[in-house]
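To start, the structure itself, in structure tokens.
The values are calculated or read from the model by the stated rules, or taken from the named source; none is laboratory data. In this text the structure is predicted, and so the values were computed from the model without any measurement. With ideal geometry, Cβ positions are generated from the backbone for all residues, glycine too; neighbour counts draw on all protein chains shown.
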Amino acid sequence: MAMQRWRALSRVILMLLVTAHLTTWYALGVHIVGSIGIEALFAGLSRGVINAGFIFWMLVFASAMLLGRAFCGWFCWFGGYQELVAWSIGDRFKIKMPRGVLLYLGAIPFVGLGVKIYYTWIVNWLDGMPTSFSFNLANVEPWGGQQTGVSILITLVLYGPVLMYVFGRRAWCRHLCPIGALLKIFSLVRPAKVRLISDDCLGCGRCTRICDMEIDVSGEIQRYGEVRSTNCNVCLKCIDQCPNDVIAFTFRPSDIAMSPEAAVRAERQTAKRRKLSAFDIVIALLWIGLVLTFSFAGLRQNAPQAIKALMTPGLLLVFYGLALITRKVWYKFSALKQAM
Ligand code: SF4
Ligand code: SF4
């Protein structure tokens, strides 16, 4: 549990830094370091300014190339908020999603990332790319968005307990976060991973069950000897939970394998996760249906910011729902063709 205390401490330090940053900017009028949000990076790139966001995100990208999505697990305040929600309402409300649906939902953040990059970066480049870069840490205001108190509240409720109720722990990080999508790309080359360091693994699956990112930890360890999923946010809960201390977060590749008995147990659990449940599918369809109703009710254009906050993730889910149905129909059609 020691690691989890360090993670909690990192979040507390982060919140203190954010408070100090906003206080100096707004209360004291000291404008030295501006926004470190991802929008500040894109604004810097489109206007040719190396600002605080630019420097901050270059450091985060470098960390992702070394350690994976450690930023998500250790420093992201919204990730911390979701863990707080999970801790306060527990797993009682979790509806298990079928693995196929989860895999499919994994592409949503990339759609979100594409939309974000287009509107905050590429659109400006269409008017002319910057020919040189200047240095100004404070060129983007830290809290310069159009959020209102109500839109923030809706965002917190929707992306916290509601999303968790439907899709499980850290649902935003797994299915919607565009920054997570970006870090996933950088983390493809990471040398540091959770790896098997001893052949005493029991195949018990405790590591899989504790993983907030819904990674099939024991299954990946059985197949590759390491966790390869780019969803791993280096929370290290699996390591804390392992009864035999056979996994570690390390830079050193290992060729240790599970015993055949443990491998059979791990495989069995992987197979269980792949099972589809009619209940899960009904919940997913209800969610998508609700979103479709919202999206086509003509509300979007004139909607206040609060309603838009509710609808944006919904639209992304609609894309996914449609793609999912298309894929299912395609498979059915291919199976029918083979049978004929
Ligand atoms: S790595 Fe540890 S927790 Fe995971 S299956 Fe093996 S013994 Fe169990
Ligand atoms: S695999 Fe382990 S370290 Fe990675 S997210 Fe899951 S529990 Fe955390």
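For the reader, a short list of remarks on this structure follows.
- Against the list (1) out of contact with any Phe, Trp or Tyr (no Cβ under 7 Å at 6 or more places or on another chain); (2) within 16 Å of ligand 1 (Cβ to nearest atom); (3) of a type in the set (A, V, I, L, M), the condition Ile179 fails is (2).
- Each residue in region 190-213 was checked for being among the hydrophobic types (A, V, I, L, M, F, W, C), surrounded by fewer than 20 Cβ atoms within 10 Å (Cβ to Cβ) and either under 19 Å from Gln269 (Cα atoms) or near ligand 1 (Cβ under 7 Å from one of its atoms) (or both), and 3 of them qualify.
- Note on region 214-224: among residues that are within 21 Å of the chain's Cα centre (by Cα) and of a type in the set (D, E, K, R), the one that is farthest from ligand 1 (Cβ to nearest atom) is Glu214.
- Test: residue in region 83-92 that is free of Cβ contacts under 8 Å to residues at least 40 places away in the same chain and part of a loop (DSSP other than H, G, I, E, B): yes
- Selected residue [within 11 Å of ligand 1 (Cβ to nearest atom) and more than 28 Å from Leu156 (Cα to Cα)] from Ser254, Ser259: Ser259
- Verdict on Ala20 being loosely packed, with under 14 Cβ neighbours inside 10 Å and under 24 Å from Ser229 (Cα atoms): no
- Checked against the criteria, Phe54 does not count as crowded, with 17+ Cβ neighbours inside 10 Å, in contact with a Ser or Thr (Cβ under 8 Å, 6 or more places away or on another chain) and assigned to a helix (DSSP H, G or I).
- Count of residues meeting criterion [within 23 Å of Trp87 (Cβ to Cβ) and either within 14 Å of ligand 1 (Cβ to nearest atom) or not assigned by TED's automatic domain parsing to the domain that holds Asp216 (or both)] in region 233-246: 8
- Applying the criterion of being among the aliphatic types (A, V, I, L, M) and within 8 Å of ligand 2 (Cβ to nearest atom) to the residues of region 203-231, the residue that is nearest to Thr250 (Cα to Cα) is Val227.
- Of all residue pairs spaced 6 or more apart or on separate chains, those with beta-carbon atoms under 7 Å, a first member in region 239-265 that is farther than 16 Å from Gln4 by Cα and a second member that is within 16 Å of ligand 2 (Cβ to nearest atom) and of a type in the set (S, T, N, Q) are Met258/Gln222; Ala263/Gln222.
- Taking the conditions (1) within 19 Å of the chain's Cα centre (by Cα); (2) more than 24 Å from Val194 (Cβ to Cβ) in turn, Ala62 satisfies each one other than (2).
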